[in-house]
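Some notes on the structure that comes next.
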Amino acid sequence: MTPAEDLADLAEHFRRAPDTFTASPLYQALCRIVAGDEPALELMRGRRPGQQPSFLLFGAVQYLLLSGVEHELREFYASIAGTPARDPAFVGPVFVDFCRQHRPQIEELVGTRLVQSNVARRALALRFALAALRGAVDGPVHLVEVGASAGFHLYVDRYGYRLGGRVFGPPDARFTIESEWRGDSPPDLSSLPGIASRTGVDLNPIDVLDRDQRRWLRALVWPEDRVAAGLLDAALEQAVAEPVRIIRGDAIDVCPELGRQLPQDEARLVFHAATRMHVPAERRAAFDRAIDAMGDTGPLYHVWLEPASAPHDGSSAQENCLTWHVPGSTRPINLIRAEGHLRWMAPLNG
Ligand SMILES: C[S@@+](CC[C@H](N)C(=O)[O-])C[C@H]1O[C@@H](n2cnc3c(N)ncnc32)[C@H](O)[C@@H]1O
């Protein structure tokens with residue numbers, strides 16, 4: 001791709017991105033500004049392959065603000081200025097000035113960091129899939145998360161949940177994940193199979209004790225979403241209290257061997273959310289094959305929540321759906337409708 005083509009692609013990405021940031025008026029405004037500002041687009045030229053440009057740029061900028069960089073831009077961030085922050089309608093020239101002043105720092109972050117947003121609320125999706133295994137598997141299941149980041153979802157059975165009027169999870173949970181149920185009667189997710197082991201895989205596992213890495217995770221939370229910021233802090237404490245194994249490496253390399261290491265013939269549930277979308281398009285088939293290979297040594301349930309990206313390019317998989325492949329098949333089966341950040345869930349026919 002030529003530099004001019006890359007810039008054109010980036011401009012198109014930022015033109016479309018406001019649809020992604022539905023709950024962030026600030027990021028919606030910033031997308032429109034960046035789409036029409038060549039120096040801001042140029043900042044993204046050194047990003048690592050596959051990384052989603054808007055998440056990465058906005059993460060880098062918020063990271064600098066959270067690090068204490070003084071600039072008028074702070075006033076527009078609810079995460080820093082509190083609510084109400086300044087009206088995003090006026091952020092344009094302030095943002096452009098910030099990018100001009102802090103160009104080298106932004107380029108450095110964009111070139112070295114990964115989009116690693118760890119959204120604790122997505123544990124609800126994994127809980128739904130685990131609950132769907134009741135009756136299907138006899139013994140406990142091995143849980144693997146690909147693209148685990150700090151590993152929050154591997155504690156799926158430790159959190160409390162409130163979905164519709166229904167409450168489940170251990171009574172002494174550190175915190176509760178709440179989600180709207182857009183249907184008649186919410187599903188009962190109180191009973192899960194046992195979890196035989198928990199393993200994450202990530203290009204760059206987050207060290208939850210490292211202040212800088214914690215700040216990077218905070219910087220990836222949309223500024224207005226104070227609920228997500230609170231959940232992030234609580235989930236970090238859970239991760240500090242009970243470390244899990246997260247293998248460093250590309251899932252393409254790690255998964256086949258990890259599958260072989262799991263006890264023969266024991267069921268394994270492999271989950272990924274907002275991860276395949278960051279795998280460069282030309283490597284996605286290899287990513288799918290690597291996960292499939294985990295089914296060579298035991299029954300594989302492959303579950304995902306991925307926007308606009310389905311393993312094996314399954315045509316019946318749809319956006320805003322939790323979907324899986326069951327053992328012996330690569331036919332995607334939708335399990336439940338779920339907003340990408342689990343703000344709501346709904347029945348398939350709802
Ligand atoms: C946007 S984060 C999502 C984290 C978590 N799954 C969630 O939903 O909260 C994507 C994660 O996938 C990891 N990742 C991306 N490509 C990967 C690959 N090929 N192999 C392993 N991890 C990968 C990134 O490092 C990052 O931590």
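The values are calculated or read from the model by the stated rules, or taken from the named source; none is laboratory data. In this text the structure is predicted, and so the values were computed from the model without any measurement. Positions of Cβ are generated from backbone atoms using ideal geometry, with glycine treated the same way; all protein chains shown enter the neighbour counts. All accessible areas refer to the heavy atoms of the entire protein, side chains included, with ligands and DNA or RNA removed. Shrake-Rupley method; radii C 1.70, N 1.55, O 1.52, S 1.80 Å.
Structure notes:
- Using the 1.4 Å probe convention, the accessible area of the chain works out to 42 Å² per residue with neighbouring protein chains retained.
- Computed about the Cα centre, the dipole magnitude for the stretch 3-112 is approximately 200 debye when only Lys and Arg (+1) and Asp and Glu (-1) carry charge, each at its Cβ.
- Rounded tilt (10° steps) of 251-261 against the dominant C-alpha axis of the chain: 20 degrees
- Apolar share of the accessible surface for the stretch 3-112: 52 percent from carbon plus sulfur atoms, 1.4 Å probe.
- Accessible-area composition of the stretch 159-248, carbon plus sulfur, in percent [1.4 Å probe]: 47 percent
- Between the helical axis of 53-66 and the longest alpha-carbon principal axis of the chain there is an angle of about 70 degrees.
- The phi-based Karplus calculation (6.51 cos²θ - 1.76 cosθ + 1.60; θ = phi - 60°) puts the 3J(HN,Hα) values of the stretch 88-95 at x, 4, 9, 7, x, x, 5, 5 Hz, whole numbers, x for Gly and Pro.
- Degrees separating the helix 3-16 axis from the principal Cα axis of the chain, which is the longest one: 70 degrees
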